[in-house]
Amino acid sequence: MRRFLDSMYRFGGYISALQLVVIMTMVVLQVLGRLLDAALLGLGMDSLGLQVPGLAELAGFLLLGATFTGLAYTLTVGGHIRVDLLHRTLPASAQRVLDILVTAIALAITGYGTWFSVLLAYDSYDFGDLSIGMVPVPLWLPQAVMVVGLAWLLIALLDVLIGLITGRLAHLKDEAPQE
């Protein structure tokens, strides 16, 4: 089970990275297309019209996907920002209690967000909502990616909470999977 969970978190990280690479590729191609068009116009030639309408909107959807699909992986490798001014001043037993409490609160908040994201995606699907940009994208598609990312984070938080309660994790900074 441990191997499956770690593979699932890593897969989310790979998907997140892939989406960032796609965003970068789209932006670089758009910039190169604009430069080529400007150069052709400067030489008195006709523009090729290499601009992609709706690129910013598609990049926004991919950024949403990259953010949410990478959450669980980032948590498991200790990459989330953590303010530990109070935490490090406490004795180890109190740190463990605080870690359990904070993780339980994060689990509850993520569960709440996941549930309402599912409802939002279902409503968008049910009503046939489309994005209002140049490219009409069914809104349930990026919302479904958000739901998947939140569900992965929910599983990761539950995994961390169980690890903290059972003593498998001393505290959240030790939660990174061992390879």
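Here are a few things to note about the model shown:
- Residue that is modelled with the highest pLDDT [pool: residues in the stretch 102-142 that are crowded, with 16+ Cβ neighbours inside 10 Å, among the hydrophobic types (A, V, I, L, M, F, W, C) and in a loop (DSSP other than H, G, I, E, B)]: LEU139
- In the stretch 25-47, of all residues being surrounded by 11 or more Cβ atoms within 10 Å (Cβ to Cβ) and touching a helix residue (DSSP H, G or I) at 6+ places or on another chain (Cβ under 8 Å), the one that is farthest from VAL135 (Cα to Cα) corresponds to SER47.
- Flag for ALA144 being in contact (Cβ under 8 Å) with a residue 24 or more places away in the chain, among the small types (Gly, Ala, Ser) and on the phi < 0 side of the Ramachandran plot: no
- Matching residues, the stretch 48-83, being over 30 Å from GLY149 (Cβ atoms) and loosely packed, with under 13 Cβ neighbours inside 10 Å: LEU48, GLY49, GLN51
- The one condition in (1) touching a Leu at 6+ places or on another chain (Cβ under 7 Å); (2) among the small types (Gly, Ala, Ser); (3) farther than 17 Å from ILE162 by Cα; (4) in a helix (DSSP H, G or I) that SER47 fails to fulfil: (4)
- Lone unmet requirement of (1) in contact with a helix residue (DSSP H, G or I) (Cβ under 9 Å, 6 or more places away or on another chain); (2) assigned to a helix (DSSP H, G or I); (3) not hydroxyl-bearing (Ser, Thr, Tyr) for ARG82: (2)
- Some residue of the stretch 91-111 being farther than 30 Å from GLY163 by Cβ and in contact with a helix residue (DSSP H, G or I) (Cβ under 9 Å, 6 or more places away or on another chain): no
The values are calculated or read from the model by the stated rules, or taken from the named source; none is laboratory data. Quantities reported herein were computed from a predicted structural model and do not represent experimental measurements. Every residue, glycine among them, receives a Cβ derived from its backbone with ideal geometry; neighbour counts consider all protein chains shown.
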